[in-house]
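Heads up: the structure comes next, in structure tokens.
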Amino acid sequence: MIHRVVAFALALLPVSAFGQLVESFEPARANCCLPALARSLAEQLQDWNQLGRYHADNERLKAAKPDPNRVVFLGDSITDGTASTLNGDDRWPDVFARRLHAVAGNRYSVVNEGIGGNEVVGPPDYAAKPTPGGPSALDRLQRDVISLPGVSTVIWLEGINDFGARGASAQAVSDGVREGVKRLRAAIPGVRIYMATLTGALNSTPTHGTPEVEAKRKEYNQFIRSAGIFDGVIDFDVVTLDPATGELKAVYQPNSTVGGAGDKLHPNRAGYAAMGNAIDIPMIVGK
């Protein structure tokens, strides 16, 4: 049954889209006939397809008439909305976008550049060894943010995969963010950059839920709060953390996509709503 599901998923990919993925991102081949890899393959196909969609969307945006105020959300699966309602448009960027448009109308447009599995500084050599999470935020900064017309604001939430999947230090990721901010300010004069603290991951997945990752997360969040290099800080950690357990609040854990207990890493639609509602609109629009 697993083999049939994976084969069916492959059959559903548009021929042109699949060709684009192979041409643009060169995903590594996997043996789809091994049951133990079927789930992983399906997840990778979803991520490769996601990368292809972002590539196509970016090309359309580059050709479009610039909006006077474009807000770009840069991040990983939590920005992309893993565990939110399937096709429900209730990710935290969606929640914020509705609030923004209610206040500012069509003076602002929003672009979600979240990619599941993405990292700030890793992987070290994506071109030679591509991964489903795509090139690092630093490597895709030009393509996914700087090259877009009319960017006035960047809201960045990222780093947990560097710790959990890559084993990077808090210092390395902090340095990466500093470099990213430097590049953004040099390339987009007057851009406003808002950094968000990482939400809790303790006791989540085997890679991300360890005490070691939690210590790095806390150190990194402290850097974000105290660095003084951003136009503002959005403290998602305070909004979503249960101080008694050190975990994501229990009410934000159940998975809104498939049901069940959730993974204690990705907030559900209630958690995303809390995050999207926690962003100060006047801070973003400058009023």
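Once backbone amide H atoms are built at 1.01 Å from N, Thr205 has no partners under 5 Å, excluding neighbours fewer than 5 places away on the same chain.
Judged by the ratio a/c of the largest to the smallest principal axis of the C-alpha gyration tensor, segment 118-162 counts as oblate, that ratio being 1.5 or greater while a/b is no larger than b/c. Between Arg225 and Thr85, the contour length at 0.36 nm per residue exceeds the alpha carbon distance by 47.4 nm.
Packing order of peptides 172-183, 147-158, highest average first: 147-158, 172-183 (average count of other Cβ atoms within 10 Å over each peptide's residues). By the compact-protein rule of thumb, 2.2 N^0.38 Å, the alpha-carbon radius of gyration of segment 143-287 corresponds to a ratio of 1.08. Subtracting the Cα-Cα distance of Lys182 and Arg98 from their residue separation scaled by 0.36 nm leaves 27.3 nm.
Each value in this text was obtained by applying a stated rule to the coordinates, not by laboratory testing. Bear in mind that the values here come from a model prediction, so they are computed numbers and not experimental data. Using ideal geometry, Cβ is built from the backbone for each residue, glycine included, and neighbour counts are taken over all protein chains shown.
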